[in-house]
1. May I ask you to evaluate 6.51 cos²θ - 1.76 cosθ + 1.60, the Karplus curve with θ = phi - 60°, for each residue of the range 67-81 and list the ³J(HN,Hα) values in order in whole Hz, giving x for glycine and proline?
2. Using only Cα atoms, tell me the angle between helix 49-58 and the longest principal axis of the chain; keep it within 0 to 90° and round to the nearest 10.
3. Just to confirm, what accessible area per residue do you get for the chain at 1.4 Å probe, in whole Å²?
4. From the list (1) 1.11; (2) 0.95; (3) 1.01, can you say which value of Rg/Rh (Cα atoms, Kirkwood Rh) was derived from the structure given?
5. Measuring from a point 7 Å past the Cα of residue 12 along Cα-to-C-beta, which residues in the range 47-77 have an amide N at less than 19 Å?
6. Restricting the count to DSSP beta bridges whose residues both fall in the chain, what percent are antiparallel, rounded to a multiple of 5?
7. Order the following by accessible area, largest value first: 66, 22. Probe radius 1.4 Å; ligands, DNA and RNA are ignored.
8. Measure nothing but the geometry: give the 0 to 90° angle between the long axis through the Cα atoms of 4-15 and the longest principal axis through the Cα atoms of the chain, rounded to 10°.
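The values are calculated or read from the model by the stated rules, or taken from the named source; none is laboratory data. If you're wondering where the values come from, they're calculated on a predicted model, not measured in any experiment. Quick reminder, even Gly has a Cβ in these numbers, built from the backbone with ideal geometry, and neighbours come from all protein chains shown. The accessibility values were calculated without ligands, DNA or RNA, using every heavy atom of the protein model including side chains. Shrake-Rupley method; radii C 1.70, N 1.55, O 1.52, S 1.80 Å.
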Amino acid sequence: MIVPKAHDAFRFLKAMNLSRGEYAIFGSGPLAVRGIIKDTNDLDVVCRGGTWERVCDEGQVRYLDEYDVTIVEYLDGMLTFGTQWAIGE
C-alpha cells in the first residue's frame, strides 16, 4: 500500500495534466504501485521538453552539487522532477 503522502504526490502529478510521452515515473513509485515494495515516501519523475520547461517555471528549482544535477521539487520535495536519473547507483 502506498502511504498517504505518496498518494498526494500521485494526485498532484495527475492534476498537472502533463503532456503524454514527456515524463515517466521512476524509482520507488512504480515499485510501490505494483506491490514490489510496501510503500514510498516520494515520487520521482524524469521528464523532457515542454514538461521540463513548465516544471522549471512553476516548481522550486534546485541544483544538487554533489550529483551535478538540477531538479525541480513540489510538495516540499515529495514530488521531484529531473531530466536524467543521476542520483544513486
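1. Once θ is set to phi - 60°, the couplings for the range 67-81 become 10, 6, 9, 9, 10, 10, 10, 10, 6, 6, x, 6, 10, 10, 10 Hz.
2. 90
3. Solvent-accessible surface per residue comes out at 65 Å².
4. From the options (1) 1.11; (2) 0.95; (3) 1.01, the structure gives (2).
5. 47-48, 51-64, 70-77
6. Expressed as a percentage, antiparallel bridges in the chain total about 75.
7. Largest accessible area first, the residues go 66, 22.
8. Tilt relative to the chain: about 50 degrees.
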